[in-house]
Each structure stands twice: as C-alpha cells, then as structure tokens.
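First up is the structure itself, then whatever we jot down about it.
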2 protein chains.
Amino acid sequence: MEITEKERDAVYKTIFARRDVRSDFTKQEIKDDVIKRILTAAHHAPSVGFMQPWDFIVVTDIATKKKIKAGFEQSNAASKKMFSEEQQQKYQQLKLEGILEAPLGICVTCDRSRNGPVVLGKTIKEEMDLYSAVCAVQNLWLAARAENLGVGWVSIIEDDILRGALGIPKNIEIIAYLCIGYVTKFKEKPELESAGWLPRRSVDKAIHYNKWSTENL
Amino acid sequence: MEITEKERDAVYKTIFARRDVRSDFTKQEIKDDVIKRILTAAHHAPSVGFMQPWDFIVVTDIATKKKIKAGFEQSNAASKKMFSEEQQQKYQQLKLEGILEAPLGICVTCDRSRNGPVVLGKTIKEEMDLYSAVCAVQNLWLAARAENLGVGWVSIIEDDILRGALGIPKNIEIIAYLCIGYVTKFKEKPELESAGWLPRRSVDKAIHYNKWSTENL
C-alpha cells in the first residue's frame, strides 16, 4: 500500500509535534471510540515472534488515580534528593505528571511468558518482549497525538504502587503509566529543553557511518 | 498545533500498514535526504529526562554486512534447536532477516551514562533510557513506512557480533539492528500471522478497566 507525500508529511508533522504532556490537560471527555482507536494502534505495534505481549489497563477511577498520585509524590520526593543542590532548585519547579488532571490513565504491561517459554526472535535477545511493549507505547503516543490528545509518561513511581492500585500480578512486567487527555495547547518544544534542563543534541552528532565514531560524542 | 482528520487518518494508515520486512527488498538507492529525514524522526522520540541516549550507525559497507549476516546465521542455527520438532519444521521455512539484500542497515544504540549518573525520570525506573531508545526505533520505523521503505528488526544475533563489526564500545548498549530498503510490496498481514505461527490476539482481550482482569486472558 503506497503512502502519498501528503500522508508522509502528516506522519512527520505528528512525530515532530508530539510532546510529553504534564500540564495543560482539560477535563474534556475522551469518547470510547477514540480510546479504542489509540489502543488498536498500540496493538498493531511490532512484536517479537508476533507474541503481542502487551495489555492495557484503562484507568478512570478517581480513588485509583489518587493511590497512583500518592505513589508518585513519594518517589518524586526521594528522587529530588538524588540531584545536586543547584539541580534540586530547578527540579522542584518542574511539573512531572498529570495523574489527577488527565481524564484517562493507561498502564501498559508485558506478559513475558505469553505463548510459552521459547519465543521466536527472543532466543538471543531476552529483552525483545519488553521492547515490543515499548513500541506499543510509542504507537499509542503518536496515535493519540494524531487525535490531538496529549500523553505524558510517568516514570517516577515504583512498580509496586501500580501493582497494588491496579491488581497487576507479579509475573506481569509494568512498562509504562500514561496520562492522557485533550489539552489547551501543545508546547512548541519539549519542556525540559525550554526549561534549560538539557539542550537538544544535534542529530548529526547522533549519526555514525559504518563504525562507531568517538568524534561524534 | 492541530492535526486534521485527514492527517490523523494518514497516521493510522501508516501504523496499520507497517510491517517487519525480511524479504521483498529491492536494490533501489535510498537518497541521503530520505535517510536524514527518518533519522531526524527517530531523534525526536520521547526520552527520559530529555537525555536523548540514542546513536545511529548507518551501515552500507558490504564486508561489515557480511560479518553481521554470519553472526545471524550462527545465532539462528542455535535458536532453531530450542523449538519443538514440529516448530522447527515451520521455523526453518521462515526468512528472518534481510541483512545483505537491504541496501541500508541501521544500528540503534543507547548510551546509558549520557548526561551524568543521575537522570531525571530514571531515578526509580532504571530501564527508562533503554525504553527511550526503543521509542526512537519505532519513530524511525513509522517514518520509514511513510517513505514507503520497509524495515526489519534483526534480533537473532549476539550483541558481541554487532559490537565487533561496528566497533561499538562496551559501555554502549545495543538496542536494535534494522534492515531498511524499498520493497516490491508490503505484505497484507504480518508474516508470522499468515504463516500460522501465531494468530492475532483480539484487541478487546488486551484491554482491562481499572483493574487487571484475568477474564481477558
């Protein structure tokens, strides 16, 4: 199936306009068919040996979100202390999640034992199933952006908090907890770039030819 | 920036038409500006703490590709033996890479120590940098599909083979080796689905509401 130039440009527009959203969420309801579309996009990610190891827990319950938020607060306080004093000043000014404001949470998991102990493509590189589930996250993220939905990945939280709040069994890996909602705006640049946390690296420095080159670094 | 319905549909078309390509590559040259576009898309993936931990080694050298192919052959022979006899019959009929046929290889890596020992967002979930690099792979894959380029992820290969062939230092993690090229066609369905290796799981089974539900499994 041919992708036209116009369609290609729409894909690039979406990729470059995607942001990790932590604020600017609105309360606007997300219709069920929109949720189904972004989850179907996630479900069509590549997966090693076609094992499709992911599951998606859709979170709308307020009490559940509050448990998750409390877990974030705890982890975030501990995390802050790991930075230098100067960095801590900046760190505490950053808003790093939108757990309660975003109307929707989605937890993406990975069932590493799905379809038996030996999985095609995972025989040498064990982590391929986890990586498949991460590809599902990125598909979801881009599909959501194409629906003008903001997505934020909350990584400052212990797995055990999510496990408890969502009843996730021990044998299921937790990949991501995402906050999703319509937004008042998408920021022009990543927040950490605008805030001067780190600059955007030049893409040319990231590209090497036939051999790893330390000149790039 | 608003994404229109037409643009949204182009994103979905690209997501659903993406395949893991192992055959059907043509020798058609990929222009430098196309390669730059897909790598720039990869470079605009989300990354934890904006650390942008990825690098991309573009592989066109034939001798290098041959070393990688030999490494695959070795790993694939060992992998085959891990399956049941019945599965081995099917396994050996599958083409699992296009290392020599694809005009372009791209190795995606992750520098876990980039920007210092403490990374915002990685304080609790250590693997977030690896997951960021996987998001870059998926961005690249979708951008390539939007350019009508096929991509195949070769996971049946030891890291040490890629490390040797591409001169990748020990402290740099190897995420993916991708084969990229124009194709005679994109298959309607994933090859492993058509070949009867595994069926497509119903997306409804993958969706849970507020709690993990074993009824879905």
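Every number in this text was worked out from the coordinates using simple rules, so none of it is lab data. On a predicted model such as this, the values are computed, not experimentally measured, just so you know. Here Cβ is always computed from backbone atoms with ideal geometry, including for glycine, and neighbour counts include all displayed protein chains.
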So B:Ala206, is it surrounded by 11 or more Cβ atoms within 10 Å (Cβ to Cβ) and either more than 7 Å from chain A (Cβ to nearest Cβ) or of a type in the set (Phe, Trp, Tyr) (or both): no
Which residue is surrounded by the fewest Cβ atoms within 10 Å (Cβ to Cβ), if the candidates are limited to segment A:12-39 and must be free of Cβ contacts under 8 Å to residues at least 40 places away in the same chain and within 21 Å of B:Cys135 (Cβ to Cβ)? A:Phe16
Of the listed residues (A:Ala144, A:Ala176), the one being of a type in the set (A, V, I, L, M) and touching a Gly at 6+ places or on another chain (Cβ under 8 Å) is A:Ala144
In segment A:167-217, what residues are in contact with a Leu (Cβ under 7 Å, 6 or more places away or on another chain) and of a type in the set (Ser, Thr, Tyr)? A:Tyr177, A:Tyr182
Evaluate segment B:36-58: report whether one residue or more is away from every other protein chain (no Cβ under 11 Å) and in a helix (DSSP H, G or I). no
Qualifying positions in segment B:9-22 - under 15 Å from the mean Cα position of the chain (by Cα) and either away from chain A (no Cβ under 11 Å) or basic (Lys, Arg) (or both): B:Arg18, B:Arg19, B:Arg22
Just checking, how many residues over segment A:59-69 are within 26 Å of A:Val134 (Cβ to Cβ) and either over 18 Å from the mean Cα position of the chain (by Cα) or in a loop (DSSP other than H, G, I, E, B) (or both)? 4
From B:Ala146, B:Ala165, residue being touching a residue at least 12 places away in the same chain (Cβ under 8 Å) and within 8 Å of another protein chain (Cβ to nearest Cβ): B:Ala146
Which of the following residues is surrounded by fewer than 22 Cβ atoms within 10 Å (Cβ to Cβ), in contact (Cβ under 8 Å) with a residue 24 or more places away in the chain and more than 19 Å from the chain's Cα centre (by Cα): B:Gln87, B:Gln93? B:Gln93
Can you tell me which residue among A:Val58, A:Val48 is of a type in the set (Val, Ile, Thr) and surrounded by fewer than 22 Cβ atoms within 10 Å (Cβ to Cβ)? A:Val58
If we scan segment A:168-188, do we find a residue that is without any contact (Cβ under 8 Å) to a residue 24 or more places away in the chain, small (Gly, Ala, Ser) and surrounded by fewer than 24 Cβ atoms within 10 Å (Cβ to Cβ)? no
